[in-house]
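> Okay, here's the structure, questions in a sec.
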């Protein structure tokens, strides 16, 4: 897989290092020549000194040949522009963007070419809620420009589905159980899996199906 990463900060270089170690071809784009000069000797990826917000720079770097584009600069405006260029001008199949300011998260959708947005503060908040919440639907990750979510719910004793098998669960068409975590074990979703109180259920749901999933698993 060929991945283009815009931004050689702490996040960008960490992603580049991990992807390279996993055998992927990595293109790291950074406009600060001094940053490139200091990091290049210790990070064996393809470096491009360029402004990733300029279409000519992305074209020269070979953006049209990458499978995934990752915009992780420290500026939300730059990340949006990079995402839009990657998707609309270079038809990159998968575009992932970093949200630096949570208030800007609503902009990071398919209108700007973003397939997946990642906000570290929002993710940490969700993980805290996931750790302490029982009987509530906690969003963990957003896909499809805000149309689809990975959510988690820990079943309360009074959950309407406690004692119900997955095959008998009347989930909406736009929702699917991804996994069930029971104590220290992860259970794959099987038709004969019977839910019990304390189960942590991971689901993919669309925005339209979220309320129905909440009523089904948590109750009114």
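The values are calculated or read from the model by the stated rules, or taken from the named source; none is laboratory data. This is a predicted model, so every value here is computed, not measured. Counting neighbours? That spans all protein chains shown, and the Cβs are built from the backbone with ideal geometry, glycine included.
> Please work out which one of (1) at pLDDT 90 or above; (2) in contact with a helix residue (DSSP H, G or I) (Cβ under 6 Å, 6 or more places away or on another chain); (3) surrounded by 17 or more Cβ atoms within 10 Å (Cβ to Cβ) is the condition residue 104 fails and give its number.
It fails just one condition, (3).
> Can residue 175 be described as surrounded by 15 or more Cβ atoms within 10 Å (Cβ to Cβ) and at pLDDT below 90? Don't jump to the end; show me each part of the working.
Numbers: surrounded by 15 or more Cβ atoms within 10 Å (Cβ to Cβ): yes; at pLDDT below 90: no.
No.
> Moving on. With the requirement that a residue be closer than 13 Å to residue 152 by Cβ and in a strand (DSSP E or B), what does region 192-220 give you?
200, 201, 202, 203, 204, 205
> Scan region 164-178 residue by residue and report those that are outside any strand (DSSP E or B) and under 17 Å from the mean Cα position of the chain (by Cα).
Hits for region 164-178: nothing passes.
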